[in-house]
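Take a look at the structure below.
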Amino acid sequence: MKTIHITVLILIVAVVVSTAIYQQQEQEETKLKVIYAGSLIVPFEELEKQFESWHPGVDVQMEGHGSIQVIRQVTDIHKEVDVLAVADYSLIPDMMYATPSGEDYADWYVKFATNQMVIAYNNQSKYADEITESNWYEILARPDVTFGFSNPMLDSCGYRTLMVTQLAESYYDNQTIFDVLIACNFEPTISVTQEGDTYIVFVPEIFEPHAGKVVVRGGSVQLLALLEYGGLDYAFQYKSVAQQHGLLFVELPDQIDLSSTEYEDDYKKVKVRLGFQRFSAVDTERVGSPIFYAVTIPKNAPQPELAVAFVQFVIGEAGQKILGDLEQPPLVPAEGSGVVPFALEPHSKPI
Amino acid sequence: MKEDRKTIRFVVIIAVIGIGAIAAVMYTHPFGAPEEKINWNLTLIGTAEKVVTFDELKAMPSYEGYGGFFSTVGMINGPFKCKGVPVEDLCALVGGINDSNTLWVSAPDGYMMVFTYDQVKGDFVTFEPATLKELPHGELKTILMYEQDGALLSEDDGRPLRLAIVSEDKLLTEGHYWIKWVDKIAIRAIKNQNKT
């Protein structure tokens, strides 16, 4: 009987002591909060793993959102975040540098990765063996073909789809591409006006395709699922997302795929005006520009030194290799703008 | 006698541990505390304008169903048991909504979404929680939720009012519709923005 009592007591003490040790360890772990654009999910999960393995005692806590939501976590929802990474570098100066209300959330960013628009598909897609860089708009227009893109009100890939199709008209010298692929399939329709040499695409407040040919979803996740389950033949996507999910894709000419600084002036000739202001802090006009991902550290980051170490890792050799290996083209060297922390300067060149 | 004393000592130790555990649970999960008063005004704008307090909204006929959502990166939340007031009933308080209107739902954090009349009536794409595969659905209701899984909403979940899309089935909808901290619902005529 006595032996049983002692054994029970030892067990209880062991449980209490080990719980205390575990809690102590948890308390000692430093948390680094990183919020990133949804299309970075694959490389950032790997960056988290490797950064943690090289920094024992650091728990990198990752959270993915649309790029505007990434910034709003700091500026509107007032969460304490250490590192932000977005799919459109211009959002950082627009939303975080000295705001009209006088608040100043950041004063620098570093461009660290690029991307390009492609048309993703799989082996089951209709005319998969025919589609090329020069005939994609004809294939997509065929009556038995379905295609999709994300909602431009909600996702940068969505308004970039509208830019690509409008730019295609000039590149292919065919003034019907936007109308046939986009405008005709929506009720109310999506119209385009020309001001000088700039085209403005007006997205109505109700953005709904009226027939089954075109499918619009909130983001890439839903479109990937549709492609996988045969609900769609083609989808406009970022190249990195198509590659990371093992999809086939058609690369588009540099002149229209929003990848190249060489064609920056041409991209600027298309603007998309959104039907309502989803975020009070962001206006409704998006201007065509090359796709650059950027990272910054908010001024109120709880772990600023560790945050700098993380950004160093992302834009340094090891981070660039992870990005490249996971089909997210790194920008080499990264390009800094604003008051970039001194420790990051060797890894980036000023813009 | 000696054996009895040992047994009593053992029972006392176990009892002390048990009482300690119960005390710890009560400390972290108190019950019986008076319900917190929620000061929140919901502004409804239609052909008329009306401000509804949280208590007034809670006193309206409610609808309960299941619903969940997923984020931009596919992170799944729910399905939860959701309780709230059908948005259509709220619209009825300020003149009602029809197919020539859209519904503009906003929150003090600066977020806003526009819903079509069909969406107010429950026309959404629904997804299977395990695979995110699109699935057909039965009747959906768009509600202004105040209770999730039997408790008032937490701050992170949009306390006190969050837009939710629910049904008898445990399905998901896209997360951007689930607006947190809703404080304004406006019925507007569809605007023709198209320039030709």
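Miscellaneous remarks
- Look at (1) touching a Lys or Arg at 6+ places or on another chain (Cβ under 7 Å); (2) surrounded by fewer than 16 Cβ atoms within 10 Å (Cβ to Cβ) and you find that A:Tyr199 fails only one, number (2).
- Filter result (part of a strand (DSSP E or B) and surrounded by 21 or more Cβ atoms within 10 Å (Cβ to Cβ)) within the stretch B:129-145: B:Lys141, B:Thr142, B:Ile143, B:Leu144, B:Met145
- Only listed residue being crowded, with 20+ Cβ neighbours inside 10 Å, within 27 Å of B:Ile38 (Cα to Cα) and out of contact with any His (no Cβ under 8 Å at 6 or more places or on another chain), chosen from B:Gln119, B:Gln148: B:Gln148
- Some residue of the stretch B:153-165 being assigned by TED's automatic domain parsing to the domain that holds B:Ala48 and closer than 23 Å to A:Leu224 by Cβ: yes
- Selection of the stretch B:102-128 for residues being in a strand (DSSP E or B) and not hydrophobic (A, V, I, L, M, F, W, C) yields B:Thr102, B:Ser106, B:Tyr111, B:Thr116, B:Thr126.
- If the condition is being farther than 19 Å from A:Val164 by Cα, within 14 Å of another protein chain (Cβ to nearest Cβ) and under 20 Å from the mean Cα position of the chain (by Cα), then the stretch A:278-319 contributes A:Arg278, A:Phe279, A:Ala281, A:Val282, A:Asp283.
- Tallying residues that are touching a residue at least 12 places away in the same chain (Cβ under 8 Å) and either in contact with a strand residue (DSSP E or B) (Cβ under 8 Å, 6 or more places away or on another chain) or in a strand (DSSP E or B) (or both) within the stretch A:289-331 yields 25.
- Boolean, A:Leu252 is more than 17 Å from A:Gly38 (Cβ to Cβ), more than 8 Å from every other protein chain (Cβ to nearest Cβ), among the aliphatic types (A, V, I, L, M) and surrounded by fewer than 20 Cβ atoms within 10 Å (Cβ to Cβ): no
- Qualifying residue in the stretch A:332-345 (condition: charged (D, E, K, R), part of a helix (DSSP H, G or I) and closer than 20 Å to A:Phe51 by Cβ): no
- Of residues in the stretch A:265-290 being surrounded by fewer than 17 Cβ atoms within 10 Å (Cβ to Cβ) and acidic (Asp, Glu), the one farthest from A:Ile190 (Cα to Cα): A:Asp265
- Residues being modelled with pLDDT under 90 and among the aliphatic types (A, V, I, L, M) - total across the stretch A:180-198: 1
Table: residues versus (1) more than 25 Å from A:Val270 (Cα to Cα); (2) at pLDDT below 95; (3) surrounded by fewer than 18 Cβ atoms within 10 Å (Cβ to Cβ).
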residue	(1), (2), (3)
A:Val74	yes, yes, no
A:Asp104	yes, yes, yes
A:Met117	no, no, no
A:Gln166	no, no, no
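- Counting residues in the stretch A:36-53 that are at pLDDT 90 or above, outside any helix (DSSP H, G or I) and crowded, with 24+ Cβ neighbours inside 10 Å gives one or more.
- Restricting B:Gly68, B:Gly95 to residues that are away from chain A (no Cβ under 14 Å) and within 28 Å of A:Glu45 (Cα to Cα) narrows the list to B:Gly68.
- Single unsatisfied condition, B:Ala186 versus (1) within 14 Å of chain A (Cβ to nearest Cβ); (2) farther than 24 Å from A:Ser67 by Cα; (3) without any contact (Cβ under 8 Å) to a residue 60 or more places away in the chain: (3)
- Applying the criterion of at least 3 residues that are within 14 Å of chain B (Cβ to nearest Cβ) and within 30 Å of B:Ile76 (Cα to Cα) to the helices (runs of 4 or more DSSP H) found wholly in the stretch A:120-232 leaves A:156-171, A:220-228.
The values are calculated or read from the model by the stated rules, or taken from the named source; none is laboratory data. Small disclaimer: the values here were computed from a predicted structure and weren't measured. Every residue, glycine as well, gets a Cβ built from its backbone with ideal geometry; the counts of neighbours run over all protein chains shown.
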